[in-house]
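Structure, as structure tokens:
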Amino acid sequence: MNQATPAVTVSTGTGTLDQDELVVASLRSQRERLPGLFELLAGQAWSAPTRCSEWDVHDLARHLCDATTATTELLRGQLPEGSIGFDPRTTPADWLQRSAGEAPADTLARLEKLSAELLAEIDRIRDASPDARVPFLYGSVPWSLAVLHLVWDAWVHERDVLLPAGRARAVPAVETRATAAYALLLAAEAATFFERRRPDDGQYRFFLKGEGGGSFHLAASGGTVTVTVDPTGAEAAGDEVLAGEVGEVVDSLVGREPDLDVALHGSTEQIHELGLLRRYMLARPA
């Protein structure tokens, strides 16, 4: 871990310059790497399966285009298609119909173009409306959280491509750190989206091992959720600290393997509380 990297907080409440800097740095890093993700694969691998059981590699690339478009629309004050009644298990699949039949090369060109448009929109909003908020799945949030959702989404989907292919790829710590912070925040905010109630007040402490890990403090209070990550935090023992490997924990929280009680070690009650998003994503849509 980089000893010079300071602690940073992401919040659904008031955005800060530090939060914006973390999000933008992680997005820029990720978007520079994404084209190389698909270049790692041979041409025939576009039809290879991913951890998303109904999507192949090309489907997943097209999804990244759709998610990028939706984020840019949010920053422009628009509501993306499917925002009303959005279901993360079905709506993204509906979006894919818009690009059915697209050639892989065209998908990659579109992803590059859409990424550039998003980064330009971020530059605009940082200059014109740095305190702007946007409507989101779990209420009004600082614009940077909507962007961080996209970083998290692409981080998980990169693993959806690589792990079934038996490939590994180094990910910069800033991307994993930002993604892990958001995954924990989203686990707490799941109550807002799925149960239409504010997350219960509470605090959770984590030590997540691996590049981009560290000490994480999740706090929910008065409808606001914050996650503070200290990359230099030392491992602590005891039931009050939930411990695991950072990649496995992020995967598990959104419904990938392993089970959450395997990925995390500590309070059984707290692990169950954090598993609402996972349980929802694994449930069959009505």
Taking θ as phi - 60°, what are the ³J(HN,Hα) couplings along region 269-286 by the Karplus curve (6.51, -1.76, 1.60), each to the nearest whole Hz, with x for Gly and Pro? 5, 5, 4, 5, 4, 7, x, 4, 4, 4, 5, 5, 5, 8, 7, 6, x, 5
Using each residue's phi in region 158-164, evaluate 6.51 cos²θ - 1.76 cosθ + 1.60 at θ = phi - 60° and report the 3J(HN,Hα) Karplus result to the nearest Hz, with x for Gly and Pro. 4, 5, 4, 7, 6, 5, x
How tilted is helix 173-194 with respect to the longest principal axis of the chain? Cα atoms for both, answer in degrees (0 to 90, nearest 10). 80
In Å³ and rounded to a whole number, note down the convex hull volume per residue for the Cα atoms of region 8-282. 115
Packing-wise, with mean Cβ within 10 Å as the measure, how do 265-274, 173-182 rank, highest first? 173-182, 265-274
Taking Cα pairs under 8 Å and at least six residues apart, what relative contact order does region 1-142 come out at, in percent? 27
Residues whose placed amide H lies under 5 Å from that of residue 134, excluding near-sequence neighbours: 141, 143
If I build a Gaussian network model for the chain, linking alpha-carbon pairs within less than 10 angstrom, which residue out of 240, 39, 117 has the largest mean-square fluctuation? 39
Treating the beta-carbon of each Lys and Arg as +1 and of each Asp and Glu as -1, no other charges, what is the dipole magnitude of the chain about its Cα centre, to the nearest 20 debye? 320
Fewest-first ranking of 31, 133, using other Cβ atoms within 10 Å as the exposure measure: 133, 31
Read phi for every residue in region 244-260 and hand back ³J(HN,Hα) as whole Hz from Karplus 6.51 cos²θ - 1.76 cosθ + 1.60, θ = phi - 60°, with x for Gly and Pro. x, 8, 4, x, 5, 5, 4, 4, 5, 4, 9, x, 8, 6, x, 4, 5
Once you've got the GNM for the chain with C-alpha springs shorter than 10 Å, pick whichever of 185, 22, 37 has the biggest mean-square fluctuation. 37
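Each reported figure results from applying straightforward, stated rules to the coordinates on display, with no laboratory input. Everything numeric here is computed off the predicted structure, so don't read it as measured data. Every residue, glycine among them, receives a Cβ derived from its backbone with ideal geometry; neighbour counts consider all protein chains shown.
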